[in-house]
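Here's the structure we're looking at; comments come further down.
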2 protein chains.
Amino acid sequence: MALIVQKYGGTSVGTTERIEQVAKRVAAAHARGDQVCVTVSAMSGETNRLVELGTAVDPGAAPREIDVLLSTGEQVTIALLSIALHKLGCPARSFTGRQAGIRTDDAHSKARILNIDATRLRSQLEAGEVAVVAGFQGTDTEGNITTLGRGGSDTTAVALAAALEADECQIYTDVDGVYTTDPRIEPNARRLERITFEEMLEMASLGSKVLQIRAVEMAGKHNVPLRVLSSFEDGPGTLITYEEDGMEQPLISSIASNRDEAQLTMAGIPDKPGIAYAVLGPIAAANIEVDMIVQNVGDDASTDLTFTVHRNDYERALEIVTRIGEEVGASSVTGDNGIAKLSLVGVGMRSHAGIASRMFEALAGVGINIRMISTSEIKISVVVDDKFLELGVRTLHEAFGLANEA
Amino acid sequence: MALIVQKYGGTSVGTTERIEQVAKRVAAAHARGDQVCVTVSAMSGETNRLVELGTAVDPGAAPREIDVLLSTGEQVTIALLSIALHKLGCPARSFTGRQAGIRTDDAHSKARILNIDATRLRSQLEAGEVAVVAGFQGTDTEGNITTLGRGGSDTTAVALAAALEADECQIYTDVDGVYTTDPRIEPNARRLERITFEEMLEMASLGSKVLQIRAVEMAGKHNVPLRVLSSFEDGPGTLITYEEDGMEQPLISSIASNRDEAQLTMAGIPDKPGIAYAVLGPIAAANIEVDMIVQNVGDDASTDLTFTVHRNDYERALEIVTRIGEEVGASSVTGDNGIAKLSLVGVGMRSHAGIASRMFEALAGVGINIRMISTSEIKISVVVDDKFLELGVRTLHEAFGLANEA
């Protein structure tokens, strides 16, 4: 007998028919003798409907009231799922965030969970009944309703799993696991049996939509085994855990790619302390997030600084950088929003040299020019021309043998 | 400065535009220096939408979960109204039933309010801010969400007014007050400036939809002055209070009428103790509610028993009565679902004789035959042929001078 936390997202509970399908999965786990705590999102479309109602009244509505408004979305789902479970003869009870004992700080619309008083949930599970908990919400110490921000239901699931000391936290979604790369780009992409928290974190930070980064961080911190599965078909999904000793780790787990960024370069600027801050300070002050940063030492006393921002921020960033370029006497300021980023992720990099050169060799072999490189302990990212994204992904997937069973 | 509780029903908050109109009324009261506590229903259509979702999963859903589901309707409205008030610069905060301290028993879907811990609401009002409370809901002593049943928002308003010792409880609706009779039948019908709790109770029990009977009872019990007003146009509405000494009471306040009932008669039954029970017991056992009951003593040892039921129950009731008629040896069993009921309501009846005869005289004057009569201390009801309803209402309205200012 295991204690399992399951989480179903908005698409999985998008209609009453789908909620009944979810109920079947939950009831099956319960019938196997597991203690099951389920957390759910709002039915897909519902949160947008509520946001539109609020925006129709005032686009600048107070976050406290927006939270009161949005939290009803998950409350509807917990009631409907409990009803569907009863219909299958499976004992169940719904819990709002407050009833589940989820206490958060008071940062409305982006609250963080402070702690979970799981007394009531635990007695529900010990009585052999399913607990159905509203995701994405809690109450602050004053009893005000808070929400964890979009996608917060993943975080709720992991926090519940940690508080209940669950054996596994299962995230049901519309994909059947984590893949070696985006199957829409590379048809040979393969579902991974397992992946480490660190790799999953890198992938989330590279834009993978499979799991919320906060949820992965929290699972890693509390050592909660996390599994990504499909709510529409059966299958083992992908297990996310810590590296286990004695296990052969694949060199590379996966290849991430995106077209979300734009590149800015300031060339010929004085190579002196504080110059990076002089450029990036005003960017940060304008609330523009910077992703990759590369600084080359030039051959004279000048240097080049290149960085990437989200493509939506490109125009604003270029304007700021042009102004600063004039102030610091840069020889040129250029930008390009036609770029793509390709990344290799894998904990195997730690113990294997030569990964980077194999990557560069493979890309050169098909004529892809690398414009920018950035590395971390378990990741190598390169910036290439936008048009090379698909070719680059397929080339790397082949070069590192990801299509073959690890 | 007064402390006012206002209640707005589903039609009054049916769209975001209407919610903004309501906000203007609330803000205007607040700007006049009043302390304002507002309670609202779900947006019209929303409760039905939620019921349909629940029914789609299981028509026999557990009442506890239905309450979790339905209570979201009012929660959406309190958030939207608070947002609309902020937009007008009016300080406000939303309160769910639980946050407002509304404690109920655990009779899900038809819970009764046990008490209201108004500490938090009172400090909100004393800080000069509007409190926006979800109607129709509360929590039981275990913290489970409960609802008061349909129309329960009126009850919430009155209970809040009693707990806050409000100076007035204002029920905003789609009519501008209580009328001497249905204006769709009698164009000369006149809005009443005031009416007593007892008259309002009689009218509610006669089918007037203006106020929920439980809310009127509770207002009377706690002596909360109740005012019915329109949320769409300005006007003083109708004040419902206790009779005041020294005030000239009109003889008759209003005329109620309906076509909701059907009549059943069992003639020539043995006139002996227990015969009424023998007939009406099986009717009650079939969950059919009986309204008027009249028993005539016949000239021999037999009697006639006539009673009315809701028209929807007519066929079932006739079947039962026919069977019993055979058992007790009745000479005939007849029924008629083509009847109408006309009622005069007025506390003035208590001190004035001759009202009934004036009523009968007026109806006879236009050739309306009376088929059944029933009286209470402040009401006279007669059953007539269906086709005479409009003529009867207009005749009585004229005969008692209700069109003239009282």
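The values are calculated or read from the model by the stated rules, or taken from the named source; none is laboratory data. Just so it is clear, the model here is predicted, and its values are computed rather than measured. In this analysis, Cβ positions are derived from the backbone assuming ideal geometry, glycine residues included, and neighbour counts consider all displayed protein chains.
A few notes on this one:
- Within region A:69-112, considering residues that are aliphatic (A, V, I, L, M) and either more than 10 Å from every other protein chain (Cβ to nearest Cβ) or under 25 Å from residue B:84 (Cβ atoms) (or both), the one nearest to the chain's Cα centre (by Cα): A:111
Condition check ((1) more than 25 Å from residue A:156 (Cβ to Cβ); (2) crowded, with 20+ Cβ neighbours inside 10 Å) across all residues:
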{"position": "A:187", "(1), (2)": "yes, no"}
{"position": "A:190", "(1), (2)": "yes, no"}
{"position": "A:197", "(1), (2)": "no, yes"}
{"position": "A:204", "(1), (2)": "no, no"}
{"position": "A:207", "(1), (2)": "no, no"}
{"position": "A:211", "(1), (2)": "no, yes"}
{"position": "A:219", "(1), (2)": "no, yes"}
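- Residue satisfying condition, being at pLDDT below 95, closer than 30 Å to residue A:89 by Cα and in contact with a Ser or Thr (Cβ under 7 Å, 6 or more places away or on another chain), within set B:107, B:111, B:56: B:111
- You will find that of B:44, B:109, B:71, B:12, the residue that is over 17 Å from residue A:61 (Cα atoms), of a type in the set (S, T, N, Q) and touching a Pro at 6+ places or on another chain (Cβ under 9 Å) is B:109 and no other.
- Residue that is surrounded by the most Cβ atoms within 10 Å (Cβ to Cβ), among those in region B:6-17 that are within 11 Å of chain A (Cβ to nearest Cβ) and not in a loop (DSSP other than H, G, I, E, B): B:16
- In the set (1) within 12 Å of chain B (Cβ to nearest Cβ); (2) surrounded by fewer than 24 Cβ atoms within 10 Å (Cβ to Cβ), the condition left unmet by residue A:115 is number (1).
- Considering residues of region A:356-406 that are buried (at least 17 other Cβ atoms within 10 Å of the Cβ) and β-branched (Val, Ile, Thr) only, the residue farthest from residue A:339 (Cα to Cα): A:378
- Among the candidates B:25, B:32, B:49, B:18, the residue that is within 19 Å of residue A:73 (Cα to Cα) and basic (Lys, Arg) is uniquely B:49.
- Single match in B:240, B:252 (criterion: in contact (Cβ under 8 Å) with a residue 12 or more places away in the chain and assigned to a loop (DSSP other than H, G, I, E, B)): B:252
- Scanning region B:315-339 for residues that are among the polar types (S, T, N, Q) and assigned to a helix (DSSP H, G or I) yields one hit, B:322.
- Residue match in region A:87-110 (condition: of a type outside the set (Lys, Arg), in contact with a strand residue (DSSP E or B) (Cβ under 7 Å, 6 or more places away or on another chain), assigned by TED's automatic domain parsing to the domain that holds residue A:157 and part of a helix (DSSP H, G or I)): no
- Residue match in region B:165-178 (condition: closer than 23 Å to residue B:109 by Cβ, touching a residue at least 24 places away in the same chain (Cβ under 8 Å), outside any loop (DSSP other than H, G, I, E, B) and of a type in the set (Asp, Glu)): no
- Residue check, residue B:342 surrounded by 14 or more Cβ atoms within 10 Å (Cβ to Cβ) and in contact with a strand residue (DSSP E or B) (Cβ under 8 Å, 6 or more places away or on another chain): yes
- Looking only at region B:113-143, and only at residues there that are touching a residue at least 60 places away in the same chain (Cβ under 8 Å) and of a type in the set (A, V, I, L, M), the one that is farthest from residue B:165 (Cα to Cα): B:134
- Scanning region B:78-118 for residues that are among the basic types (Lys, Arg) and in contact with a helix residue (DSSP H, G or I) (Cβ under 9 Å, 6 or more places away or on another chain) turns up B:87, B:93, B:110, B:112.
- Flag for residue A:290 being hydrophobic (A, V, I, L, M, F, W, C), loosely packed, with under 14 Cβ neighbours inside 10 Å and touching a strand residue (DSSP E or B) at 6+ places or on another chain (Cβ under 7 Å): no
- Candidates A:167, A:140: the one that is touching a Leu at 6+ places or on another chain (Cβ under 6 Å) and surrounded by fewer than 20 Cβ atoms within 10 Å (Cβ to Cβ) is A:167.
- Inside region A:35-59, residues that are surrounded by fewer than 19 Cβ atoms within 10 Å (Cβ to Cβ) and either away from chain B (no Cβ under 13 Å) or on the phi > 0 side of the Ramachandran plot (or both) make up a count of 3.
- Annotation: of all residues in region B:389-406 being outside any loop (DSSP other than H, G, I, E, B) and in contact with a Leu (Cβ under 8 Å, 6 or more places away or on another chain), the one that is farthest from residue B:359 (Cα to Cα) is B:389.
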